[in-house]
1. I'm checking my understanding of the structure. Among residues of segment B:230-252 that are more than 16 Å from B:Glu216 (Cβ to Cβ) and open to solvent by less than 60 Å² (accessible area, probe 1.4 Å), which one is nearest to the other protein chains (Cβ to nearest Cβ)?
2. Of the numbered conditions (1) polar (S, T, N, Q); (2) in contact with a strand residue (DSSP E or B) (Cβ under 7 Å, 6 or more places away or on another chain); (3) modelled with pLDDT under 90, A:Thr257 fails exactly one; give the number of that condition.
3. Within segment A:126-155, restricting attention to residues that are without any contact (Cβ under 8 Å) to a residue 24 or more places away in the chain and away from chain B (no Cβ under 14 Å), which residue is nearest to A:Val64 (Cα to Cα)?
4. Can you tell me which residues in segment A:129-154 are under 31 Å from the mean Cα position of the chain (by Cα) and not aliphatic (A, V, I, L, M)?
5. Among the residues that make up segment B:173-182, is at least one of them touching a residue at least 40 places away in the same chain (Cβ under 8 Å), closer than 29 Å to B:Ser42 by Cα and surrounded by fewer than 16 Cβ atoms within 10 Å (Cβ to Cβ)?
6. Taking A:Leu239 and the conditions (1) part of a helix (DSSP H, G or I); (2) without any contact (Cβ under 8 Å) to a residue 24 or more places away in the chain, which numbered condition does it fall short on, given that it satisfies the others?
7. Identify the residue in segment A:74-85 that is under 18 Å from A:Val144 (Cα atoms) and touching a Leu at 6+ places or on another chain (Cβ under 7 Å) and, among all such residues, is surrounded by the fewest Cβ atoms within 10 Å (Cβ to Cβ).
8. Those residues that are more than 24 Å from the chain's Cα centre (by Cα), within 11 Å of chain A (Cβ to nearest Cβ) and either touching a residue at least 40 places away in the same chain (Cβ under 8 Å) or assigned to a helix (DSSP H, G or I) (or both), I need them from segment B:40-52; list them, please.
Amino acid sequence: MSFEQVFVEQAEYLADDSFTQWHAEHPDEKIIIKKLTQGGAKLISGPRGCGKTTLMLKGFHTMVHNPDAAFPVYVNYKRSLSIEPIYKTGTDGTYWFNQWVILKLYLGIYATLDRLNSNLEMSISREDATKAASLLEMSNASKVNLQTLSVPVLEADIHRVIERLNRNRCVLLLDDAAHAFSVDQQRDFFDFFRQIKSQAISPKAAVYPGVTNYSSSFHVGHDAEQIDVWIKPDREAYLRFMHAFIQTRFPEAIANTLTNSEAIDLLSYASFGIPRTLLNMLQELSIEKNGELEKINLSRTDVLRAIKQHFTNTKKLFTSLSAKLPVYKSFISTGEVILSNAIGLVKAYNKEKGTDKQSVSIAISSEDLSHEMSKVFALFQYAGLCIPKDELVSRGEKGRFQIYTLHYAGLIDSNALIGAKSLSIQDYVTAFSKRNAHEFTRTRSINLIGKAKPDHAFALSLPPCSVCQTPRLFEDAKFCAKCGTPLTIPSTYLSLMNADIDELPLTKIRLQKIKEQSSIRKIKDILYDHEHSELLSIDRIGKYWAARIVGLAEEFVE
Amino acid sequence: MTWQNSVCMSVGRVSCPDVNKLVVGVPSKKTSAIDNFYSSTSTTLTKIDPAFFVNYGEEIAGLLFVGLISSTENYFRDILGLTLTLCPIAQAHSADEKVQLGSLLWSEGNLQNRSAFEFFAFSSADNINKAIKNFVNYQIRSNGTLDLMLREYDKLCELRHAVVHSGHIVAGKNAIKLGLSRTKDPLKVRLQYAELQAAGSVCTALVQAANNELFEALVTRWAKDWRALPSWSPSEELALLKRIREAFLSQRDAKNNTIGNERSLKSLLSHVKTAFNI
């Protein structure tokens, strides 16, 4: 099996046969798939890489060839941020975004019809839908020549399809629905979601914890049930799941040597419930020969190095949010301090404790948890840096506490376990597997923020007037109070395209090499690099790494 | 004293100040209609310190709000007047429209075409639609930005009614149009600094949408319809395009680099010719 194939990370990029062979069963898979294939609106939630797409595609495959199941439509909305400039140009963003959402759904319906070898004409032809959708993705709304598509028109078409195919209902699997960080788009999307749901049409959307903005008329719980699919590393079934994931992905001979290793258990814990991360670390440790995977190097030093590198990348995913959510820039820089202080507090707590009494969590009194502090922890969740306990823990007179489990790789990176400097892999694994859930480090917000004053630590970063540089008076200000110029918020998409490649989760050495040996400086330079020719001219970047770097750049702007 | 004087004081007859002192001549501006709008709305939105609104918000913001609508109405008078001056199709179509004699008798020079709209109130979407249809012979694009913004502007116009005619109290007719729920007590329009800004934003978006859509309509006529008229003179082709561009171009937006596709006259000419295969 080729090296490249084994390490394809995202489920949507796997070929059908690989997809069927290559995935382990989520511990709650039966319940989740049931919810995804039956009636009702659902939101499937979890950080990047936790397996949302895999579950949605499994749901799709379960339904598509089963005549008794619903008619499934899978749509990936990951390119939604490329529509965002339309919101900024004065052209009616809400209208065009809505058209794009519907166009993509039509394309999804045509794709399912193809799989069923069924031909059915709808209100818009596949060619027209493809053309209009790609024009909108290029912010070229003025060139779209389209009869307005509406939710009732789409509903009528879906009803015709399910009637013709003799299906009882239609399930819309809307992946990466809240992928774009544009608040306007997310609100418009959930307005659409609310409108389309009916007895016969059940939308299911993938969302991120913490960062998804719902429309004012959309209420999670009432309008859609939320399903958390993040496989928590403190679950009993956790290691079993990760081992099964490796077994399905790697050739048998290699997989057998891996799953019997304690280093794999440590890597599994360090991946903190994100299978994609485990795959990434194994890739860092892999040794290839002639394009084929030969073995995985599991020496202590290399395993710890891969974990440290992974934690650096996860933190980078968090800090890169300041480009996607520029208003929260100070929240993110304060968040870095909070994370470091939280790990420091856990480290101090663990120092004198036995292996079975190690803490991996911090607890903050719910009274002490400000809205701003909660926002920071919500942003941590998006990046997969912490897991909140679902319910508050009561400690009698001391009050009720919100508990956050910190990223295990962060704890390993900072030697926050047991208090010894040189732990064996076995010590780490024991500390994670034998730890007591009742051990957590109680702290106050003030201890986490450090010296910064709350007002300054959580100031919203609102862009000043572009003409006279007068600061905005309030978040929703429309005009400069001094010169009267309309205030605009620059396009996040265009800012991301113009961001430095340093924002990508690549090693310093690799970034330095790219800058030294090519003219690539910005993210857009990578995306416009025709057939990866510039990237391929750089030392130690072959076809695989060029494609991977392009993938990271695409992910950065999507 | 009679019983008739038993309810309030009365100062008797008072004269209005000399009307000549109540008006002042202002030089007519050479700026485009949209820049005139920007200038007047900027004044409305920035002349009063935001802190002032905390104490006097409702009264002052109401008046400034009316000022914003008034600036919007003025934009439509300006731009439709200019369109009538420029476009032979609009002229032919509006030839049968009635104009108030007083407006013509008093107006001079540049004001003549604008005066056609003196009796027209642009304080409703319906009126704007009608004026554009009747005088320019242009149907606003269905579901386009202008169409959508007119619906938003209409909401402001309903509220304006309350501010202008009934001391901020919303009349039943307006409440129904706004879709407000019935209440026992009268509803009062409440505006503060942020709401005033939001209203300004709606007016600005409306004017920008109208400016873009009417510009597109006139350039399309320049490229297609005007050429078929006996009055068309190929040698004036560029001069006519220049006049259209000047009527619609915002110098302020050009200066602030906030025009999506800013083009020089030469580049505009070449792009339009390519687009219409001229």
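1. Going through the qualifying residues, I end up with B:Arg252.
2. Against the list (1) polar (S, T, N, Q); (2) in contact with a strand residue (DSSP E or B) (Cβ under 7 Å, 6 or more places away or on another chain); (3) modelled with pLDDT under 90, A:Thr257 comes up short only on (2).
3. A:Arg126
4. A:Thr130, A:Lys131, A:Ser134, A:Glu137, A:Ser139, A:Asn140, A:Ser150
5. No, segment B:173-182 has no match at all.
6. The one condition A:Leu239 does not meet is (2).
7. Top of the filtered list is A:Pro85.
8. Result: B:Pro50, B:Ala51.
The values are calculated or read from the model by the stated rules, or taken from the named source; none is laboratory data. The shown structure was predicted, so the numbers you read here are calculated from the model rather than taken from an experiment. Neighbour counts are summed over all protein chains in view; Cβ atoms, including those assigned to glycine, are modelled from backbone coordinates with ideal geometry. Surface accessibility is based on the protein's heavy atoms, side chains included, excluding ligands, DNA and RNA. Shrake-Rupley method; radii C 1.70, N 1.55, O 1.52, S 1.80 Å.
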